[in-house]
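The values are calculated or read from the model by the stated rules, or taken from the named source; none is laboratory data. What you are looking at is a predicted structure, and each value in this text was computed from that prediction instead of being measured. Cβ atoms come from the backbone with ideal geometry, glycine included; neighbour counts cover every protein chain shown. The area values use the complete protein model at the heavy-atom level, side chains included, leaving out ligands, DNA and RNA. Shrake-Rupley method; radii C 1.70, N 1.55, O 1.52, S 1.80 Å.
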Amino acid sequence: MTSSTTGQTQQTGDGATPIGVVGTGVMGASLARNLARNVEGSVAVFDLDQAKIDTLIATHPGEDLVGFSDMPDFVAGLSSPRVILLMVPAGAPVDAAVASLTPLLDKGDIIIDGGNSHYPDTQRRVAGCAADGLRFIGMGVSGGEQGALLGPAMMAGGDPSVWADIKGLLEPIAARADDGQPCVALVGSGASGHFTKMVHNGIEYADLQLIAESYAVLRAGGRSGREVGEIFAAWNAGEGRSYLLESAATVLAQDDPQTGAELIELVSDHAKGKGTGAWTVIAAAEQGVSVSVIAEALFARSTSSATAERAVWQPDAVSTTLVDVPVDVVEHGYLAARSVAYQQGLALLAVASEEFGWNVELSQVVRIWRAGCIIRARFLDALSKAYADNPGATLFLALEPFRTELIERLPSLSTVTTAAMAACVPVPAMAAALNHQAMLMTGSLPTALVQLLRDFFGSHTYERTDAPGHFHIVWEGDRSEVRS
Ligand SMILES: NC(=O)C1=CN([C@@H]2O[C@H](COP(=O)(O)OP(=O)(O)OC[C@H]3O[C@@H](n4cnc5c(N)ncnc54)[C@H](OP(=O)(O)O)[C@@H]3O)[C@@H](O)[C@H]2O)C=CC1
Ligand SMILES: O=C(CO)[C@H](O)[C@H](O)COP(=O)(O)O
């Protein structure tokens, strides 16, 4: 077999190589190393580029990795049933890897796609692999490069019988929550693993934007970036504790290595993305669920990157006036908006699970989000317990203590949002959270008028509050009401 000259060579088919990893980029290399440290036997790694394999093995000589750039040799060395973890970019590379592997694999072998694949692709691949006698698991992995190496959160979707065969490989490499539980699970059937990771990323978009908006409000109060970082560090020491708040405190304390100024002052404000945020918004539109906070976070990145359009308006740029919102009001407003973002994402997941018959348990999902992943946060401990205590519940904000907390924090969200907007500080995600909750808490909505207008111009009919059925007014005739 073609193993790296610097890697440890294994005999083929001797049962000593329980898993192979395809793709040795940021995530693949770290996961392979994590597996090599934690599972019995060697870990086979495959990359199209032999030089990358050689570098990986040469830089980690003590780790039990065996490298290949020849796919048949890579496959031949794996013990049976073969388990292959793909860590390649979503889309065509996953299809290319599956197509290369399929003729080399035996019935019952397992392919795990650990990338950020789009869930319809996963649904197609599950069916395609089944037709070829292969078993396919779509698994979202979160934690970035360090998480992949030291303990990521992993959201698998697929058949329980396949899970039984791979659980023993994945649990040892997963992050552990404070109660010692591994942050990996089969969250449901079909493409539920990748859908769950997509929603995770959607919430990640929302939280990043909400932190950025809190930053903007606090800066508009006359503070430096470093001072705002110190405020985030204080929030992170309290009930809002999260990896993203901690990260915000860290990056805002960073000086520019070139000039010594605060690094944030020299970083371009154009943020882009790789697709999962947009997919979340599209999936929500398809399922008829509002993820307005995630959508505003996504579109905030779009607007930030609309360089030409922004340039048009620079001659008339509005200057931000001083916003003097107390720090604790910004904190409580941020926490209220963050909880609405989580609620919207989890509601989408529940609706999709119902639609596709995936049987996703939200308590399980939140349980594995408690450590290792990018959106890990202290409140997820209480949230996973609340879901476990209330089987079938989706709307955690309707449960205590979350309901009372939200009600108590809403005035802060209203204060910070209105003060920011009055001072021309854009806070689209906070405003979306406030509007979403206001709509839910308002007894009657003006969408009654939307119904009537749709009926007026398109005979779309309307529903009444006092009788079942669909009704239409003969607008161009005698204006009588007909029931359809
Ligand atoms: N980076 C992150 O923080 C996270 C990434 N992810 C997801 O994990 C997946 C991998 O990401 P990441 O490791 O960052 O990506 P990288 O670009 O760092 O690595 C991708 C790897 O896939 C290989 N590859 C590309 N095309 C093929 C192919 N057709 N067949 C075989 N191998 C191929 C590349 O090889 P070569 O370089 O030789 O072309 C490279 O080794 C993506 O889906 C990503 O969205 C998930 C969570 C976090
Ligand atoms: O999956 C991830 C973390 O969970 C990746 O970091 C992902 O790339 C982030 O998304 P984007 O690049 O669109 O901001």
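Could you grab me the full set of residues in the range 254-304 that are β-branched (Val, Ile, Thr) and touching a residue at least 60 places away in the same chain (Cβ under 8 Å)? Give the derivation first.
Looking only at the range 254-304, we keep the residues that are β-branched (Val, Ile, Thr), and these are 259, 264, 267, 276, 280-282, 289, 291, 293-294, 303.
If the condition is that a residue be β-branched (Val, Ile, Thr) and touching a residue at least 60 places away in the same chain (Cβ under 8 Å), then 276, 280, 281, 289, 291, 293, 294 are the ones that fit.
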Matching residues in the range 406-423 - criterion: being within 17 Å of residue 340 (Cβ to Cβ) and open to solvent by less than 60 Å² (accessible area, probe 1.4 Å) | 406, 409, 410, 412, 413, 414, 416, 417, 420
From the options 101, 149, 78, residue that is more than 16 Å from ligand 2 (Cβ to nearest atom) and outside any loop (DSSP other than H, G, I, E, B) = 101
Of the residues that make up the range 288-305, is at least one at pLDDT below 95 and either assigned by TED's automatic domain parsing to the domain that holds residue 241 or within 16 Å of ligand 1 (Cβ to nearest atom) (or both)?
-> no
List the number of the failed condition for residue 308; all other conditions in (1) within 16 Å of ligand 2 (Cβ to nearest atom); (2) at pLDDT 95 or above hold.
-> (1)
Within the range 259-346, which helices (runs of 4 or more DSSP H) (wholly inside it) include 2 or more residues that are open to solvent by less than 20 Å² (accessible area, probe 1.4 Å)?
-> 276-287, 292-304
Restricting to the range 455-484, what's the tally of residues that are among the basic types (Lys, Arg) and farther than 23 Å from residue 445 by Cβ?
-> 2
Go through the range 81-98 and give me each residue that's β-branched (Val, Ile, Thr) and within 16 Å of ligand 2 (Cβ to nearest atom).
-> 88, 94
Keeping to the range 15-33, report how many residues are within 31 Å of the chain's Cα centre (by Cα) and more than 16 Å from ligand 2 (Cβ to nearest atom).
-> 8
Can you find a residue in the range 214-224 that is closer than 15 Å to residue 334 by Cα, open to solvent by less than 10 Å² (accessible area, probe 1.4 Å) and touching a Phe, Trp or Tyr at 6+ places or on another chain (Cβ under 7 Å)?
-> yes
Condition met for residue 152 (in contact with an Asp or Glu (Cβ under 6 Å, 6 or more places away or on another chain) and open to solvent by less than 40 Å² (accessible area, probe 1.4 Å)) | no
Condition check for residue 136: in a helix (DSSP H, G or I), of a type in the set (Phe, Trp, Tyr) and not assigned by TED's automatic domain parsing to the domain that holds residue 374 = no
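Kindly indicate which of 185, 164 is more than 30 Å from residue 264 (Cβ to Cβ), open to solvent by 10 Å² or more (accessible area, probe 1.4 Å) and at pLDDT 95 or above. Break it down stepwise before answering.
Working: 185 fails: open to solvent by 10 Å² or more (accessible area, probe 1.4 Å).
After ruling out the rest, the residue left standing is 164.
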